[in-house]
Amino acid sequence: MSLRDPAALEGWFFRILARRAANHRRWSAVRTRFARSFVPEPSPAPNPPEPALRARIAAAMDQLSEAQREVFVLVYLEGFTLDQTAEMLGKAPGTVRTHLHRALGTLRSELAEVMAELD
């Protein structure tokens, strides 16, 4: 048995991976909220700059919609092209470009203070 289009396998695989990651993120948030309702949080200790920066980036990423986050991660963190990302997610390339544009706008506005501090 041979695969007709090996490139289709990669798209299929990453589509499954993206859905599993979204499911994991959703259920992780549910588990965290559930645990917080029963376990008191310890008082926060002073954080060094690097964890604080990571927390701000994570908070900015949380402002993105699921679709925007998926596209941003696949293009900028995983290095896929817009066309590959569109194929993996089963969306039109124009839709992927729109999600990416909106994600970048949101991240720029959310992290403007961080960028000003780094300059």
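For segment 79-96, filtering for residues that are within 11 Å of Phe14 (Cβ to Cβ) and either aliphatic (A, V, I, L, M) or surrounded by 14 or more Cβ atoms within 10 Å (Cβ to Cβ) (or both) leaves 6.
For segment 97-119, residues that are of a type in the set (Val, Ile, Thr) and either modelled with pLDDT of 90 or more or closer than 15 Å to Phe14 by Cα (or both) total 2. Among the residues of segment 56-78, the one identified as touching a helix residue (DSSP H, G or I) at 6+ places or on another chain (Cβ under 7 Å), part of a loop (DSSP other than H, G, I, E, B) and loosely packed, with under 15 Cβ neighbours inside 10 Å is Gln63.
Yes/no per residue for (1) among the aromatic types (Phe, Trp, Tyr); (2) modelled with pLDDT of 80 or more; (3) over 17 Å from the mean Cα position of the chain (by Cα):
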| position | (1), (2), (3) |
| --- | --- |
| Trp12 | yes, no, yes |
| Ser28 | no, no, no |
| Pro46 | no, no, yes |
| Asp62 | no, yes, no |
| Arg69 | no, yes, no |
| Phe72 | yes, yes, no |
| Leu82 | no, yes, no |
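The values are calculated or read from the model by the stated rules, or taken from the named source; none is laboratory data. As the structure is a computational prediction, the values presented were derived from the model and not from experiment. So basically every Cβ, Gly included, is an ideal-geometry build from the backbone, and we count neighbours across all protein chains shown.
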